[in-house]
Amino acid sequence: MSILITYAGNNSTTAECTKLLSEKLPGSHVVNLTKESPDISSYDTIIIGSCIRFNNIHSSVVNFIRNNLELLMEKDTAIYLCCGFPEKANQYLLHNFPKKLLDKSISIQCFGGKLRVKPHKLFDQLIIKTVQKNFKMENREYTEIDYESIQTMASDILPSKK
């Protein structure tokens, strides 16, 4: 059984989460959608990961889903998000993914995220600083990577491969 993990992100958090997931799924193949567009026909399971920026998934993930939706519907699929507001994950999912893809996915998780000021562009730095101030005013902890959700996804996928 073959597993493809596809992802795209604007900073290193999505790549870091993808690496952690791939380590839990031995033999999985990882593709950064900002760098290549994979042929998914030979894989049994396709995992799709994306960052969230201004309520939207990465444009490379949008294009990947649009270009492969028919074939994705024939595969086992899983979806994960990396975002600073995990409590909004369901909203992000419903806004960004086709309902039929969500309905058939064997695992859907939010891996959390990190609010980093650098290496973003100036505009992004200003927004992140504003968000960080709001977190402090609300006495809220910064979001971190949710390692348990990564393990949950790996566990959801591995039984289907036996």
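Of all residues in the stretch 1-21, those satisfying the criterion of being farther than 13 Å from residue 80 by Cα and of a type in the set (Ser, Thr, Tyr) are 2, 12.
Criterion first (surrounded by fewer than 20 Cβ atoms within 10 Å (Cβ to Cβ), in a helix (DSSP H, G or I) and either β-branched (Val, Ile, Thr) or over 13 Å from the mean Cα position of the chain (by Cα) (or both)) does residue 87 satisfy it? Before the answer, list the steps.
Details: surrounded by fewer than 20 Cβ atoms within 10 Å (Cβ to Cβ): yes; in a helix (DSSP H, G or I): yes; either β-branched (Val, Ile, Thr) or over 13 Å from the mean Cα position of the chain (by Cα) (or both): yes.
The answer is yes for residue 87.
Considering the stretch 55-84, the residues that are in a helix (DSSP H, G or I) and β-branched (Val, Ile, Thr) include one that is surrounded by the fewest Cβ atoms within 10 Å (Cβ to Cβ), namely 62. If you go through the stretch 90-109 and keep only what is polar (S, T, N, Q), surrounded by 16 or more Cβ atoms within 10 Å (Cβ to Cβ) and assigned to a helix (DSSP H, G or I), you end up with just 96.
Results for (1) among the hydroxyl-bearing types (Ser, Thr, Tyr); (2) more than 20 Å from residue 145 (Cβ to Cβ); (3) in contact with a helix residue (DSSP H, G or I) (Cβ under 7 Å, 6 or more places away or on another chain); (4) modelled with pLDDT of 95 or more, shown as yes or no for each residue.
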| residue | (1), (2), (3), (4) |
| --- | --- |
| 40 | no, yes, yes, yes |
| 63 | no, yes, no, yes |
| 76 | no, yes, yes, yes |
| 85 | no, no, no, no |
| 93 | no, no, yes, yes |
| 96 | no, yes, no, yes |
| 99 | no, yes, no, yes |
| 111 | no, no, yes, yes |
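Which of the following residues is over 13 Å from the mean Cα position of the chain (by Cα) and among the charged types (D, E, K, R): 16, 36? Step by step, each of 16, 36 is checked, and only 36 is over 13 Å from the mean Cα position of the chain (by Cα) and among the charged types (D, E, K, R). Filtering the stretch 17-54 to residues that are aromatic (Phe, Trp, Tyr) and free of Cβ contacts under 8 Å to residues at least 12 places away in the same chain leaves only 54. In the condition set (1) of a type outside the set (A, V, I, L, M, F, W, C); (2) modelled with pLDDT under 95; (3) touching a Phe, Trp or Tyr at 6+ places or on another chain (Cβ under 6 Å), residue 10 is compliant with all but (3).
The values are calculated or read from the model by the stated rules, or taken from the named source; none is laboratory data. Just so it is clear, the model here is predicted, and its values are computed rather than measured. In this analysis, Cβ positions are derived from the backbone assuming ideal geometry, glycine residues included, and neighbour counts consider all displayed protein chains.
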